[in-house]
Every structure is written in C-alpha cells, then in structure tokens.
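Below is one structure, written out as structure tokens; comments come after it.
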Amino acid sequence: MIPVRDDLRALEGYHSPQIDVKVRLNTNESPLPPPAAWRDALAAEMSRVEWHRYPDRQATELREAIAALHDVTPEMVFAANGSNEVLQTILLTYAGPGRTVATFEPTYQMHAQIARVVGSRVVEGERNADFTLAAEEMRRVVDSAAPHVVFLTSPNNPTGLVEPAELVERLLAIAPGLVVIDEAYAQFADWSALDMIDESRPLVVTRTFSKTWSMAGVRLGYVIGPAWFVRALEAVVLPYHLDTAKQIAGRLALRFVDEMDARVRLIVAERERVSAAMRAMPIDVTPSGANFVLFRPTSVPGRDVWQALVDRSVLVRDCSGWPRLADCLRVTIGTPEENDVFLAALDEIVATS
Ligand code: PMP
C-alpha cells in the first residue's frame, strides 16, 4: 500500500448505508418512476445512436432544452454527471489549493468534502439551534475568511429549511467571491434564486435531475450562471464528460414538465401530511420545503428509533451521530402507502417506549 496525499488521510468519504427493507426512505429519491412515455421515447432514440462516435461535447440540444425551461440562454447552462460533478467542477475552477470555501453547517456534506478533496481550506459557519442562519453569522464568516466560494443550500439538506431570499441578497452584497446556491430540492419550495442571476453578479444556481425528475439512476445535474462562469467551467471539465445517453435522457425528460409538476404536488401534499402527523407525536419536526423532513424524537433516543424502524422494515437516514444533529433522523417522502407504513411504525415506537 502506498500513502495517499497527506491532506486526504483523514477523509472518510460519503456513505449512505443501504439495508434490505420493504420501505426505503433514506436517500431523497423520487418514490415514483419517470413516465412510461419517457422510457419509450428514450428506447427509440437509443436505438438510433451512433455509438462509435464521441458525444456532442457542447451538449447543445440538452443545454438548449434546459435553457428554454428556465428562460435563459444556453451559454448560461453547464451540465455534468449529477450535480455532484457540477459542484466538483465549480470547486476545481474557483477553489483549490490556497483558496477558501465557506459553508454553513449543518448542510450538504459534499460541499465541504469536495472542497477539501480539491485542496481548499474550508471555513464552517454555524447555524442557530433551529437551523436558521443568522445574518450576523454570515457576515462574520464572510468578513473573517473572505471565501473564494460560499455555499448556501436552499432548501437545505438535511434540515429541509428554505433560505429566505433576503438572506441570499445580503450574501451577494458582501461576498468577495462566487456565491453558489445549491437548489437540488428547489421545485418543492416556494421560491428560487434563479431569477437573481445576472451577467454582472457572481451568483450561480445548481439543479439536479435526481429528485423531481425521478432520474437518480441517470446521474445528471446542471448549473445556471453568467456566461463567463460557464466558459470557465468548460475549460476545466474533462472532454466529452457527458455521454450521449445522458444527454438524450435529460433532453427527453424536459418534454414531461406537467408530469413532473404533478409528482411534485403529490410529494408536497404528502410532506405536509407526514409533518402534521409527526407533530402530533412526541417529536420535534423541522419545517421542510423539500422532499424530506428532519425530525427529532423526544421520548426515545434517535438512534433507537432508527433501529426500531429498521426492525419494522422501514429505512430512514440516521443523522443522530452527525455533528450538530444529535438524535435527528431524516425521512424522505415516499408514496402515500409508504408514508402510512412509516407513520404507523413511528407512532408505535415513540408511544410505547
Ligand atoms: N445537492 C444536494 C443538496 C443534495 O442533497 C444532493 C443529493 N444528495 C446533491 C446535491 C447531489 O445530487 P446529484 O449528484 O444526484 O445530482
């Protein structure tokens, strides 16, 4: 064995344990598949692909379709293999050795993780006990660290909280570098920072096909930002990073916006039902604008609740051992039937202990 880079020795990687259960509510996927008509259209186009040729390096048609969806120009769109690769490309381009990245914890772990992997210094700001972010704390971090890249996630993962638009405006006013708003879950929330994007501002917004579009298996994400930002990423990313199949899958998905909207409405309604039901139990529930809910049982330790749910064949995300999240669990909203199984199991566990 030869040693890895000194600064990576302590790195543990990102883990989301999978256990064989009947009801899997732990990775924030869509509980419903994409429409059958999408599958058929995909199969038809796949059979016509010239597989001996490299893909369209510019992903022209996919970018045009994404741009049309958001009413921007294709020059403002950069797509990659999941929003994780989008985040990595952003950090390779604007962070790296000698540069600083700021996050506000708890938030999506990959922001800090990728920042460290590319060799940046990470400065972690703190949230309030209710997981909201105080403007003073934001200013303190920005003033003291002068980050080259600063992240906000809205709705935030794992808390589900939506960042107020005023907070994003304030951050833009004071940030000396790039402001990245990770909107992996934005379609489930009531506002988006997309409207704030402008050539003259260092603001970019990342999105994914993994959640609302029911395409976690495809691995496709993108970022909308100023054209100068997109050009910079294109110079850094590997040639032909986005394969032909993925470009087609994403482009075809955007023909089914109405179906996507219907899935989002169902999940939002279920989220409200699940949250209300949990509030009637001895449980603290964080208000969510996403397709998951963070909760903290008050009558039984979180880890015991997680195990008791697994014993009843329900898997949720165990955040109870994560920093700042003692006793917390995160449940992804499933189908109405899956949610019923989860709620019945949870009720039994927190009431009988
Ligand atoms: N951002 C956030 C906030 C997420 O929760 C996730 C998925 N866990 C991602 C980005 C990555 O999504 P993907 O790589 O599947 O597009």
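Read-outs throughout are calculated quantities, based only on the coordinates presented, and are distinct from any laboratory measurement. Everything numeric in this text was worked out from a predicted model, so none of it was measured. In this analysis, Cβ positions are derived from the backbone assuming ideal geometry, glycine residues included, and neighbour counts consider all displayed protein chains.
Worth a mention:
- Taking amide H atoms as placed 1.01 Å from N in the peptide plane, the amide H of ARG324 has no partner under 5 Å among residues 5 or more positions away or on other chains.
- Put the Cα centre of segment 65-122 next to the Cα centre of segment 301-339 and the gap is 28 Å.
- When +1 charges are put on Lys and Arg Cβ atoms and -1 charges on Asp and Glu Cβ atoms, the dipole computed for segment 204-353 relative to its Cα centre reaches about 640 debye.
- Cα gyration tensor, segment 84-198 - rounded (a/c under 1.5), prolate or oblate: rounded
- Sorted by Cβ density within 10 Å, fewest first, the residues HIS148, HIS241, HIS111: HIS241, HIS148, HIS111
- Taking θ as phi - 60° and the Karplus parameters 6.51, -1.76 and 1.60, the scalar couplings of segment 229-240 work out to 5, 4, 4, 5, 5, 4, 6, 9, 5, 5, x, 6 Hz in sequence order, x denoting glycine and proline.
- Highest to lowest packing among 172-178, 113-119, scored as the average C-beta count within 10 Å: 113-119, 172-178
- 18 Å cut-off, amide nitrogen to a point 7 angstrom out along ARG53 Cα→Cβ, residues in segment 67-99: none
- Annotation: amide H of ASP182 within the under-5 Å range of LEU152, THR153, SER154, THR206, sequence separation 5 or more or interchain, hydrogens built in the peptide plane.
- Computed from backbone phi, the HN-Hα couplings of segment 242-247 come to 9, 5, 4, 4, 5, 4 Hz, rounded to whole numbers (Karplus: 6.51 cos²θ - 1.76 cosθ + 1.60, θ = phi - 60°; Gly and Pro given as x).
- Karplus 3J(HN,Hα) series, Hz, for segment 279-295 with 6.51 cos²θ - 1.76 cosθ + 1.60 (x for Gly, Pro): 5, 7, 9, x, 8, 8, 10, 7, x, 10, x, 10, 9, 8, 9, 8, 9
- Around TRP213: net Lys/Arg minus Asp/Glu count, Cβ-Cβ under 15 Å: +4
- 10 Å beta-carbon shell around ILE349, net charge (K/R +1, D/E -1): -3
- When only the Cβ of Lys, Arg, Asp and Glu is charged (+1, +1, -1, -1), the dipole of the chain relative to its Cα centre reaches about 680 debye.
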